[in-house]
Every structure is written in C-alpha cells, then in structure tokens.
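The structure under discussion appears below in the form of structure tokens.
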2 protein chains.
Amino acid sequence: MPHKSPIYSLNNVGDFSSTVSLHDPKSMPNACGFLWNSKMVLQMNCRGYAVSQFMQPEPAKFSHAPNLEQKTFVQPEHSYFSHHPGRFFYIKDHDNNELFSVPYEPMRVPLDTFEFKLGSSEISWHIEHLGLKITITVSLATDDCVERWSLQVNNHSTKARRLSIYPYFSIGYMSWMNQSAQFEPHLNAIVASSVTPYQKVEQYFKNKELKDQTFFAAQQVPDSWHANQLEFEGHGGLHNPDALGDETLGNVDARFQTPVAVMQYRADLAPQQETNYRFLFGPAKDHDEIERLIADYLPDAPAIKAQQQYQDYIAQGRGCLTLDSDVPALNDFVNHWLPRQMFYHGGVNRLSSDPQTRNYIQDNMGMCYIQPSVARQAFILTLSQQQRDGSMPDGILLHDDAQLKYINQVPHSDHCVWLPICLAAYLAETDDVELMNLAIPFSDCATPQSFIKHIELALDWLLGARDERGLSYIEQGDWCDPMNMVGYKGLGVSAWLSLATAYAINTWCELCEQYQLAVAPATLAYYRQQAIDINTAVNQHLYVGKWFARGITDENRVFGTEADEQGKIFLNPQSWAMLSGAASEQQQESMLDEIKRQLMTPFGVMMLAPSYTSMVEDIGRVTQKHPGVSENGSVYNHAAIFYAYSLYQQGQADLAFEVIEKMMPSLEQCLQTGQLPVYVPNYYRGAYHQYPKQAGRSSHLFNTGTISWLYRCIVEELCGLKGNSAGLLVNPKLPSQLNRLGGQRRFKGAVIDFNIVRCNKVGSIETRLDHQLISDNQLVGLKAGTNYRLDVLVPHHG
Amino acid sequence: MPHKSPIYSLNNVGDFSSTVSLHDPKSMPNACGFLWNSKMVLQMNCRGYAVSQFMQPEPAKFSHAPNLEQKTFVQPEHSYFSHHPGRFFYIKDHDNNELFSVPYEPMRVPLDTFEFKLGSSEISWHIEHLGLKITITVSLATDDCVERWSLQVNNHSTKARRLSIYPYFSIGYMSWMNQSAQFEPHLNAIVASSVTPYQKVEQYFKNKELKDQTFFAAQQVPDSWHANQLEFEGHGGLHNPDALGDETLGNVDARFQTPVAVMQYRADLAPQQETNYRFLFGPAKDHDEIERLIADYLPDAPAIKAQQQYQDYIAQGRGCLTLDSDVPALNDFVNHWLPRQMFYHGGVNRLSSDPQTRNYIQDNMGMCYIQPSVARQAFILTLSQQQRDGSMPDGILLHDDAQLKYINQVPHSDHCVWLPICLAAYLAETDDVELMNLAIPFSDCATPQSFIKHIELALDWLLGARDERGLSYIEQGDWCDPMNMVGYKGLGVSAWLSLATAYAINTWCELCEQYQLAVAPATLAYYRQQAIDINTAVNQHLYVGKWFARGITDENRVFGTEADEQGKIFLNPQSWAMLSGAASEQQQESMLDEIKRQLMTPFGVMMLAPSYTSMVEDIGRVTQKHPGVSENGSVYNHAAIFYAYSLYQQGQADLAFEVIEKMMPSLEQCLQTGQLPVYVPNYYRGAYHQYPKQAGRSSHLFNTGTISWLYRCIVEELCGLKGNSAGLLVNPKLPSQLNRLGGQRRFKGAVIDFNIVRCNKVGSIETRLDHQLISDNQLVGLKAGTNYRLDVLVPHHG
C-alpha cells in the first residue's frame, strides 16, 4: 500500500522491486540515492549532481569539480554548487528556441512534472515538460567501473518537433600536469586524457596503472560535440551556455583546459514519436579498455544483459527477513533498503582499502544476515592482522599495497572489543562452531593459533590495557574517534571502553558456554570475574549523580557529568552499562529518565548534550566539531542503535522501538531531514536545544555502523527470531503500538513464514510451529529447504 | 604618451604612478593584477574573482572555493568558474528592480562603461551603469593580512534613486570539522569561524595558532546581512540570488554550512549624490585580532594612513634604472612593472617557506637592483644551509618550522651553480668584496668558512658529481625539474648542467680576478682548466649534428638531437654553450639557425620542440606534461631569457632584443596571451606548430625566475651600464630598431642621467660624463649623492 505525498512516494512494495520517488526537485534539493558495485560508488542527487568514486585500488574520481579537489574520506553534509560534477541533458526546441535542462540542474527551469525514482539497481527520472516525456535512467556495470545511462524523449504533443538533445557530463579539472579532451570517431566517444599529478619518480611506476582517462561513449553518432568546459559555457554560464545558441556545438577540443563531454543530437519527432539514446561514462586506462567497455555494455543486447546482471548482483543483498507489518514504510525499509545498505557496506567497505577495524567487523556483522561466508572471511582476515600480543590494528588492509590512512594513523584503544561482540550474531545465524577452531596466523607471527585463542588474546590485551583502578585506557580515542585528548598522555580512561570490555567478555563467555567451545571452565570463571571487577570499578569511579560519566581525563578529571557545562551526559556509557550489567535497575531508571530529558529529540536520541561550543583540551577534537554535527552531539545513529539494542536487552521494547522509528528516514520528517527513506544516515543534526533550526538534518552520508545493529535489533529483538546453538528461539518484543507482525524469516536454509499477534488471552509467549505448540519457544531441528509456518501469540503489556 | 585601445591602455607614465587599464571584461576574462605584502598575496582578475593567500607561516586561504580544495603550489593557467572565490557588489534599483553586479561577475550584465585599472599599490574598477558611477578599489595593509576595500556609488542621473548595495565576499568551504558564520554587532562584521581539519593530536598544538576565522568588517552599519551561501543564492543561483528578491537579507547565519559575507546597504541618492563604503576582508585568529585590525584600518584617518604606508612599501621596489626610450610600453614596463615584480619575488619568495634554492638565489639577483642588502642576507642564508661537502639543499628554509615540500623532496643536481653566477650581478651593483670574506657556518657543521670557501666547495661538489666522461650527473632533475628520469638510475648526465658548471666556474674565476679575491692563482688555473675540460667533453659527447643535445640518459642514449621524433632540440644547451664558451663561432651560427627554424614563434622562443605528446621513460615527467605547457615546449620565459642573455654575451643585440620584446607582455599580443602588461608570465603556451590555436596564451603565473635576468639584460646589456670593480663600464647594445635610449641609472648612490644616441659619425662607442670624454668608457670615481650627465654615442651597425 504505497504512501503518496506531493513530495515523495513508496511504490510497488515487493521483493526487490521497491522504489521510492520524489516528485519535486526543490523541496529536498540534496535528496539522493546511490548505486555501487565492488569497484565503484555513484551517489546521484535528485537534480543531476553526482559523486562518483572508483577504486584503483585507492579511491579516485573520473568526474571532477572545476578545481583541484582535496582527496579526502567521504564527508557528511556534502555541499553542492552550480559547477559540482553532474550529469545533465539540455533540450532545445529549434522552433521556438525554448531551452531547458533535465533532470533539473543546471538551468533549474520549473518542469511540468518531475519524478526522481530510486530503485534497488536503477535510478531514474520521469519528467514531462513542453509536451515532451523524458525518461533518464542510470545503472552500473557489475564488474567494471562504468555508469550506464539511457535517455528516452517522447513527443507527447500533437505537433511535430525539431529538437536538439545535449547530454552534458562533467569531467572537470583532472590534473595540472596534463588534461585534454576530444571526440574519438573510432570510439564514438569523447575521451579526456590526463596524467595524475605526481613529482616523485617512484610514484610514476605506481601511477602508470591508473585509469587516467575519462570517456563518454554514445551508441548513436552525435551531430556535433564539445569537449571544452569553459568555451562551452562561454558568457552565458552553465545555466545558459553560449554553445547552445549555435546550430551546432562546433566540435571543440580541450588542450590543457578543463574538459567536459557534451554531444548534440538533432531529433525531429512526429507526434508520439520517441527517440532513445544510450551512453557510457567512466574511467579507463586507454582506448583499448574503452573499446572493450563499449562492446560489453553499449549495444542493445549487452546492455540488456548488463542490467540483468547488475540486478542479480544487487539482489544478492537480500536479508534473512521479510516483514509484513501494518506499517508499509517499515516493511519497505526493512525488506529492501536496509539489507541493501548492509550489502553495500559488506561489498565496498565504505570505499576504503583500509577500513577501520571496528567498522570492518560491524559492517560484516551485517553480512551475517546476507552472506555469512563473506563475514566469515572478513573475521579471518581481521584476525590474521592481529598482533601476537593480542592488539588489533586501527584498520584492516584489504590489498597488498594498502596503507593505514587518515584516522587509522591515530591509535585507538577499542578495536579488540568488536569481534567477540559481533561474533555472537555470526554464530546465531550460522552455528559455525568449526570456525572457532580454525588456525589463523598473526601479522607479526606466522605460527597460527585458533580463532578462540585470538579472541582470548584480544580480551587479554584489553584487560592489560587498564589502569590501577581497573579502568581501560583510552589512548587517542575509543569508539569515539575524535575523543583524542582524554588520554593522549597515557593516563585517561574511558567508561565506555571499560564497559565494552566487560560486555565483550560476557558475550564471549556466553558463546563459549552456549556453543561449548573448547575453553577451560577456569578460564571462563576468570573472565567472568574480570567483567564483574570492571563493572564494579566503573560503578565506583564513574557513576556520578544520576548517570554514568564518559571517562576520566589525563588530568584525573571525571567528565560527562552534571558538573560539566557542556557534554554533561553521553549516551554510550548508559547503553553499555546496561549491556555489560554494570547498571542496577535503580540506576537504569534514573539513566533512562535523564536520557529522555537531556538527549531525546523528535529526530532521535543525541549522542551527548549539550554539544560543545569550544575546545576542551582534555577531551579533544570532538569538542571542536560543529555543535550538533557528527560525534559532537548529533543524533549519531550508531550510538542511538547501541542504545536501542541495550534497551531490548532490558526488555524495554517501547523505548527501543521509539529509537528505531526515529532513526529510520521517514515521510513525516523528510522535509526537515532532507533525505529520502532509502538509507539510514550516519547522523541527523543534533544540538536540538542549541540550534533548533538545523536540528534533524540528515548527514546524507550512507556510510554508518548503525545498520547491522539495526537489522540485528529487528531480527533478534523486534521479531525475536534469534538463532542459537539449539536452533531458533522465539521471543518477539513488540512495542505497544504494534499488535501484529508477520513476515518471513530465512534461517540456515529453512524458510519460516511467521505471524506474531498480540493476544489478551495469553500470559506469556505461545509459539506454534506448523500448528504444533512449542513449549519452550525454541525451534529445533529446522531443515534447510523446508518451509514452516510459525504462529506466535504475545501477551498484552501490563 | 599613453597607448589607447578599446581593450586596454597605459596611463600616466611616471615614477611609480603608472597604471594599466582594461576597458572590456569580456575579451580577456582572466586578465589580472596582483598586490602583496610580506604576509599575503592577492591576485584579482578583472571580473572580480580573487586568489588570496597568506602565510601563517605556511600558505593558507581565508576565501575558499565551495568545495574542499587541495593545497598545492601555485598552478599556471588557473581556471575560474562561477563559484570561484570572488569579491562582488550587487546593486539593485528599488524603483524598477533592476539588478546588476560589479565589477562584472557573477551576473555578467553588460555595463555601460568598464575600466579595470591596475596601479602599483591599488587595483580599482571604474564603472558606469544605469546612470550610476561606481568606483571600487582594493589595496592591502603593509604588515597585516587584510584586504582594504572601498566602494563609491555616485548617482550620475537626473533623478533620485532608491538603491540597495550588497557587497558579496566569498568565504567558501572552510572545514569539514566546523564552519559557521554570523554578523557580530560589536565588530560590525560578518565573522566566519572554522577549525582547520586535522586528525593527529600533535597537529592540534600547531593549529591552535592558525587564523581560522574570516571576517568581513564594514565601516557603516548594514541594513541587513546574510552569512549562508546556499540560502543566499537559493533557487536563483549566484547570477540571480533569491535573497536579493526580498526587501532585506533576513540576517541568516551559517551553521556547519558554507559561509559567505553579504551585507545590504540601502542608499537613497539625490541626483549627483554619492555614497561611500569601506570594508576590510581577511583572516584572523579571534575577535580581538579583528577588533585590532578594524581600529588600525577601517576609520578614515587610519585608512588614509594605511594606503600611504602601503604605497611607500611598494615604492621601495624601485629599480636602479629609469628608461626613457621612444617605446612607451618598454619604458612603462621596465620602469614600473618589472622592478615591482622583482620586488614581489624578493619580498614574498613565491609564497613559499622553502623556496627552491635556484629560485631563491635568482630571485635575489633581482633584489641586487632594488635592495642589495636583502640579496646579501639571502646569499648568506643560502650558504648557511649548504652542507660541508659543498652540496646545496633543494630548498632554502625560511623559518624554523619550514620543511622541504613538493618538488623540494626530489633531488636536483644544479643548486650549486647559481650562486657564483648570480653573485656577479651582486658584486657589479655593490662592489661588496667584504662579503666574500664573511665566515658562514654550514647546515651540518658549525665551524664557519669564508664565503669564498663556500663557493669553492660548491664548485668542487659540482666537479665531483660527474661521470668518467667528465659530464655532470643529472640525478632526478637539473634546472628542468620534471626531467626526472634521465638519470634517476645514477648514470644519466645533463649537457646543460655540464655547461652551467663550466659557466659558473668561469664566472667565479672572472670575479676572483676582477675583485682580486683571496684565491690562489693555482686554484684559479685549476678551475679554468676544469671548465675547458668540461666544454671539451660536452663537445665530444653532446654536439650532434647542428646543435648541442640535452643529455645522455641512464640507458646511454643521447637525446635532444635530430634523431628524436619529439624533443629534437632544447634551447638551454645552446644558450649555455654560448655562455660557457663551449660553442665555436661556427657552431653558434648553426645553432642560431636551428633555434630560429625550430624554436622561434611569434610569442617568443620555445624551450624545446617538438613538444612531447607521450611519456618517454628515460626522460621523465616533462614528457607527460601537456604539449606546449610549462617545461614541455612552452615559451618558457626563464629559458628564453637565458638565451637572450647568452646572445648579448655574443654581441647579438638584435636577436637578443627580439627575444626580450616578445617576452614582454604587450598590447599587440594581448588578445592571444590574455594578459595585461603588468608582469612577465612564467610561460606563454608553445607547441606552436602542434597546437597553434592555443599558442601564446599566458600562464597568468607571475612567479618566474625570468625577471631578474631580464632586468640584468636591460641594465647591463641593452643600456650597457654595468658595474665592475673599477666603477661602471659603458657598453650599450642597442638593437637596430632603436636609435636612441635615454634614462637614469642609479648606481651605488650616484645618479646618472644618460642619453645613448646612435651616430654615424663614430666608429666605436664614445662616452662623455658631464661632457668629458671617457676614453675607455669606464666611469670611475662616481660619488654617491651626485648627479651626472652621461652622453653616449654608438656607431651604426655594419
């Protein structure tokens, strides 16, 4: 049942055929979707601006801004401007010289109708203007770096039309060493050549392999072309380019000038006549590669095949759950967009060749629900880069030449906690106990040790990295990267990391017990005691007033308490105190009250409050970020989902669902978030009380550790269909607002159609599998390839 | 006698009051001028776009592009686009809602009259449109990083006008960590705050001192303001911003959004009434600094004083020569713009804290003609960074934290040749023999040695860095930075460097003899013989066919010969073979013919030809640059002036003057060069036969080693008024086209008004000082503070 609004709509809910449409290019100018394959990511906004990056194997661009851009990691709240790289089509009517551009930029002419339609494996625009019906689609190749574009123009009017159609694809400032572009008749493509700038001779041999050409290939021979950005634009500007005033484009090359790819197609269309074009746009090493890509993707048959292949590729990102609740937006998001986003994370690793260790592990927790074998390999790779002393590197190197870059050059203290925690999800989905005994080498020692031993070494390393109070050193940051000056002198400790250590230990012990791993009882007892000791220490030193503080700085200052003017309360220590068992029931009550009072907003729960407005030198870089942005008090969804997960562990189904509901991009909030419901953003702006006007804005950043936890919450907690060593335990945690929750759970090859219904006749959960009551709610002996029907009655609250 | 053209004009020729005007914003869109002080450089183009950088002490910007720009060294052929940083004023007439922008961008409305006027210490625009006379001026502070702007609007019409005037100053994308902006009433300024992005804690302590604020302060209180770029622009775009459609700007701040500084001034003007505004724009550390800058520069009295101070500062860049030829453009350029450009180089060191050693020395050769004491200090600093083994570093570090960056991380082999060569100019101007005995330490040895010893060590190092043939190893480049793979394996040699070594030795020996330096005759004889041996070796191995080759690669391949398809002939080996004495008269004749045939163009002499169009792996990066750009066969003026200087040494006055004439930016060529005659550009596009359409375009890069040599050519050769140990030798080298050359030469405090006249009655030069015939043309006993009259008769040619 699709939502309809003048702004956006959900369409065709069904397995991998869901789409989301935006019907107005003005109200959410930055609304965007993304496509990817293992080599590239394309972020398209509704107006035609694009951010396209590919791996060679380090991230690179082939469509640039008009100036020399800094190479950087993906930034939140990306900002657009008129010459931002884009893909546009100008359309001119020769009879009246009317000119407009689709999808919307750069002319911004109001269009009769506009639809920006995001599908799983295709982004399209459906536009009507001046009696023309225009359809633009873009998709990717599966194994190559190439954008596949098509354009259809239909004369919807009653008179014959004499049109020119001009694709305009930004190539931009490629290099100060060499950049040029021209049309290559034998390729029927505009090819821009460049030399990636460098100065050191050793770089030459590396750069030799780079794809330094950008090509724009067409299926049809153009009537004219233009490859020179500045001359194309001329005096009129991008919104009214000089070159379009002439009959033809003049076939102008670029010689150490900023290239562009523009072609002209004359199209005389009778009423109802239609014309179709197909284009490829991407990077290449040389003409031979362009030729190969053209043959593989441009003619009709290969193009159809390529789209099917790409659909199939994206379709692999199917999760283990199909929801059929009474909330279509929830179904739509959980069934399609959320697993799609997880699959993207698992496949592309945030377009990094050295993903942060914690991200890599958590992103692969998401893959446990899609392709557990991928997660398995990732966990093995991760442990193979662990050091013999148990410590984990800041990033996992994905290829031989990869290097730790950016934030991975700063030592963080938390990387050892993630694998035992995320492993729980893997084992729940796979029962792959065998992996636990697999022998894996270390980065600094070829002698392999079992997976179990690796985990123990990681825990031992964590236990060793504590001060005399038993609290974990934070070094130059824990989960919170920019909290880099709490402990840079070697003394500061982290409440969160202490609690996370306890939680990791407890999780590991539970796994050992549940899966009967080969760990001595004495060892487990030792670990259990350590976790208790940590919880005690945190309680002793860091429970201040009504909530847990965030840490103690090098200056021995406890922070994240009522005594602070800013950063009074942090979300993470509360969440993880609930997870680790540090928080008593009384404490929890008080913490939850304070979270509600200080951190909750209409857009979700903030990570800290109040946001810092100036540098605090014993806390660090987080306090210098803009208030309400990223870690400085945004609704940072990664922290929010930890909170939701911890609430579920405490049986707080209503509170947990409230957090999840606010996190999911929604129709109701989209004018404030500015984002379509196709991904969970890294954050929504926080600092709700400080900067209310900006609060709620989406970061438009679809890289986030949130999603695997969100999916886990929905599968294991909301639906309560969680695997374990025996099979599948049924324990739904329906919020008050839901009285029914149906769907399908796919579990180790078994297919379980479930229907959860609230019933005031039951006092506790009643589970029936194929109509047979399961007294302990534990489904055992499920067979791969078999379909089951699961009926669950859950009692009313109260 | 000013030139007048519809395009540009020279005005008011006189001491430091020359201006150059452009009367059309369309024909030369990139035409620009520059202002600087010791802390910053402002490059303003005629349309209002700006590149402003300041030193803190590394180069930084306070007015950014709308995206995260890469930090890089100054690039040639800088490209502009609509959102390029700029300084604009929108003007709206409330009675008819007519809107336009001055100076031209971003609206590009055709203006009734337009004048972009470049003065020594001020850049201004004088515009008439819609009955308004508008004057915009910008200048700098002398010791602070601040742009001082003023705007005058005069109602030139006969009716009362109700106007709004909106300064729009780009601030741009400052930082992904934090950026915001708002109006600060107590400062009457829009202040944008940011945090320079970083991730490592050690960087924090460095960044603490950075000027992370950008302020735009006004003398008058605005009626409204806008600090949010995207919202200001809205849907209309920069060429028609939404915010200007409203009565007021709405006082909108930026919160982690791209800042801008826009103010609104309502101005109701009676006929002939005028309104004046003054603004400051620049970086600051904090509000206190902004307050201080406002007090120092914004009120009337300080503003007038500041302009006088800045004029005085720029006026210090007066050269030692005032020309009064019959060619006004030559006079204008030599008297004003050329010494101004030299003074800029000497003062700002190309906005680098680690200028390349060869640049630093040659730029300071220019200072010998302006402030020899500055050159003296620079030479001493240079030698104090020499190593005890004689080698010179790739760059000279100008402050304690400076580091070798970019190209200075690549080892070049030529840095030792420059000081003996450039020293000749210093001694000619100063006779400062004392310096030669000054004891100076080394970078790796505190025990000082005399200047003489330093030079000898440099020469010895050069003599040692040769192969068994006696040719100089090129390592990863010589003067030609990107010729980095000729010798990177340790074998390749440079013809140019071999010849430059011989020339440096000969120059040094001549200085030793002329100034009777304390060098043993045997030492001199040894050096002389070494120079002869080098010349012999170069002749033996590198004179191939009709000209000198460029070198021999690691693969033992001689290159720069007829056998090459590209890079057949290089200019430098020919020029320096003439300087070093390697070229016989016969060889010279043949070389000059080939230079004329292969390298000469209407825009000057190319550095090599044909330009490379693809990588040659035993030559290197130069072959990857765009054909005709920079070292790959442009009219690279630095190489061209070496050629002119070498021609003068051979008495080729006509050929030399032809090179100089083509090098000087001129009225005749300006539509092709795109540049106004206020500086010598780094290059004009070459590859004349390969890419004729682009040939001649100016690099618009005013950093170049050309200028000190050009000035030296004019003083010592063209005018022939060259200092020596005895005094001043008179030996003009008038080209055929000049029959008279008058002017003033300032020499060690003496002022010599000279008049050189061609006379068919003399067979050789006849010199009269204050009417007394000087038989040997050698002026001795000139007294500081005394005015002389010098009359010179020169014979006709042939």
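The values are calculated or read from the model by the stated rules, or taken from the named source; none is laboratory data. Since this is a predicted model, take the numbers as computed values, not measurements. Every residue, glycine among them, receives a Cβ derived from its backbone with ideal geometry; neighbour counts consider all protein chains shown. Ligands, DNA and RNA are excluded from the accessible area calculation, which covers all protein heavy atoms including side chains. Shrake-Rupley method; radii C 1.70, N 1.55, O 1.52, S 1.80 Å.
Enumerate the residues in the range B:461-478 having an amide nitrogen under 19 Å from the point lying 7 Å beyond the Cα of B:V544 toward its Cβ.
Within reach of a label on B:V544: B:467-475, B:477-478.
List the residues of the range B:622-655 that lose 10 Å² or more of accessible area once all protein chains are present, compared with their chain alone (1.4 Å probe, heavy atoms only, no ligands or nucleic acids).
Listed by number, the residues meeting the 10 Å² cut-off are B:Q624, B:K625, B:H626, B:V629.
Would you be so kind as to list the residues of the range A:149-195 that have their accessible area lowered by at least 20 Å² in the full protein complex compared with their chain by itself (1.4 Å probe)?
When all protein chains are present, A:Y173, A:W176, A:M177, A:N178, A:V195 each give up 20 Å² or more of accessible surface.
Within the set of other residues whose C-beta is less than 15 Å from the C-beta of B:H796, count the net charge using Lys and Arg as +1 and Asp and Glu as -1.
It works out to a net charge of +2.
I'd like to check one number: the per residue accessible area of the range B:179-287, probe 1.4 Å, reported in Å² as a whole number.
Ligands and nucleic acids excluded, the figure is 36 Å² per residue.
Order the following by accessible area, largest value first: A:H239, B:H83, B:H156. Probe radius 1.4 Å; ligands, DNA and RNA are ignored.
B:H156, A:H239, B:H83
Relative to the first principal axis of the alpha-carbon coordinates of chain B, what is the inclination of helix B:451-464, with its axis defined by its Cα atoms, in degrees from 0 to 90 and to the nearest 10?
Orientation of helix B:451-464: about 70 degrees from the principal axis.
Just need the relative contact order of chain B here, percent rounded to a whole number, with Cα pairs under 8 Å and 6+ apart.
This gives 9 percent for chain B.
Local charge sum around B:N30 (other residues, Cβ-Cβ under 15 Å, Lys/Arg +1, Asp/Glu -1)?
The answer is 0.
Distances in nm, one decimal, shortest first, from A:K26 to the same residue in every other copy, taking the label point 7 angstrom along Cα→Cβ.
Those separations, rounded to one decimal, come out as 3.2 nm.
State, as an integer percentage, the relative contact order of the range B:157-270 based on alpha-carbon contacts under 8 Å between residues 6 or more apart.
Worked out over the range B:157-270, it gives 40 percent.
Around B:Q70, what is the net charge, scoring Lys/Arg as +1 and Asp/Glu as -1 over all other residues with Cβ under 13 Å from its Cβ?
Cβ neighbours under 13 Å give a net charge of +2.
How many Å² of accessible surface get buried when A and B come together, counting both sides, probe radius 1.4 Å, rounded to the nearest 100?
The summed interface area works out to 6000 Å².
Using a 1.4 angstrom probe, figure out how much accessible area the range A:561-612 has per residue, in square angstrom, rounded to the nearest whole.
Here the per-residue accessible area is 35 Å².
What spacing in nm lies between the two simple spin-label points modelled at A:V109 and B:H689, each 7 Å away from Cα in the Cβ direction?
Label-label distance for A:V109 and B:H689, simple model: 4.8 nm.
Just to be sure I understand the model, the point goes 7 Å from the Cα along the line to the Cβ. What's the resulting B:K285 to B:Q377 distance in nm?
Those two pseudo-labels are separated by 2.2 nm.
Could you give, in nm with one decimal, how far A:Q514 is from each other copy of that position, shortest first, with labels 7 Å out from Cα toward Cβ?
Going from nearest to farthest copy, the values are 9.0 nm.
Measuring from label point to label point, each 7 Å out along Cα→Cβ, what is the B:F73 to A:R789 span in nm?
Rounded to a tenth, the inter-label distance reads 7.7 nm.
On a 0 to 90° scale, report how tilted helix A:585-594 is relative to the longest principal axis of chain A, with both axes built from alpha carbons and the result rounded to the nearest 10.
In chain A, helix A:585-594 runs at an angle near 30 degrees to the longest axis.
Applying 1/(1 + (r/R0)^6) with R0 = 35 Å to the Cβ-Cβ distance of A:Q772 and A:D326, what FRET efficiency is obtained, to the nearest 0.05?
Once the sixth-power term is evaluated, E becomes 0.85.
Could you tell me whether the range A:242-283 comes out rounded, prolate or oblate from its Cα gyration tensor? Rule is a ≥ b ≥ c as square roots of the eigenvalues, rounded for a/c under 1.5, then prolate if a/b exceeds b/c, otherwise oblate.
Taking the square roots of the gyration eigenvalues as a ≥ b ≥ c, the range A:242-283 is oblate.
So the label point sits 7 Å from Cα along the Cα-to-Cβ vector; using that for B:H287, what distances do you get to the other copies, in nanometres, sorted shortest first?
Nearest first, the other copies' label points are 6.4 nm away.
Do any residues of the range B:231-260 lose at least 50 Å² of accessible area when the full set of protein chains is present rather than just their chain alone, and if so which, with a 1.4 Å probe?
B:H235, B:H239, B:R255, B:F256
Going by Cα centres, the range A:220-243 and the range B:497-537 are how many Å apart?
Here the two parts' Cα centres lie 59 Å apart.
Take every DSSP beta bridge with both residues inside the protein assembly as shown and express the antiparallel ones as a percent of the total, to the nearest 5.
If I count the DSSP bridges inside the protein assembly as shown, around 95 percent turn out antiparallel.
Using 29 Å as the Cα-Cα cut-off, could you pick out the over-long pairs in A:K71/B:K625; A:K61/B:K92; A:K61/A:K405?
A:K61/B:K92
Per-residue ellipticity at 222 nm for chain B, helices alone: DSSP H runs ≥ 4 residues times -39500 (n - 2.57), over residue total, nearest 500 deg cm²/dmol?
It comes out at -8000 deg cm²/dmol, rounded to the nearest 500.
Summarise the accessible area of the protein assembly as shown (1.4 Å probe, protein heavy atoms) by the percent that is carbon and sulfur.
That fraction is 49 percent.
Quick check on chain B: of the DSSP beta bridges with both residues there, what percent are antiparallel, nearest 5%?
Counting only bridges with both partners in chain B, antiparallel ones make up about 95 percent.
Using each residue's phi in the range A:77-93, evaluate 6.51 cos²θ - 1.76 cosθ + 1.60 at θ = phi - 60° and report the 3J(HN,Hα) Karplus result to the nearest Hz, with x for Gly and Pro.
Couplings: 6, 3, 10, 9, 8, 4, 9, 4, x, x, 10, 10, 10, 8, 10, 10, 9 Hz.
Can you pick out the pairs among A:K206/B:K200; B:K117/B:K159; A:K546/A:K748 whose Cα atoms lie more than 32 Å from each other?
Violating the 32 Å limit, Cα to Cα: A:K546/A:K748.
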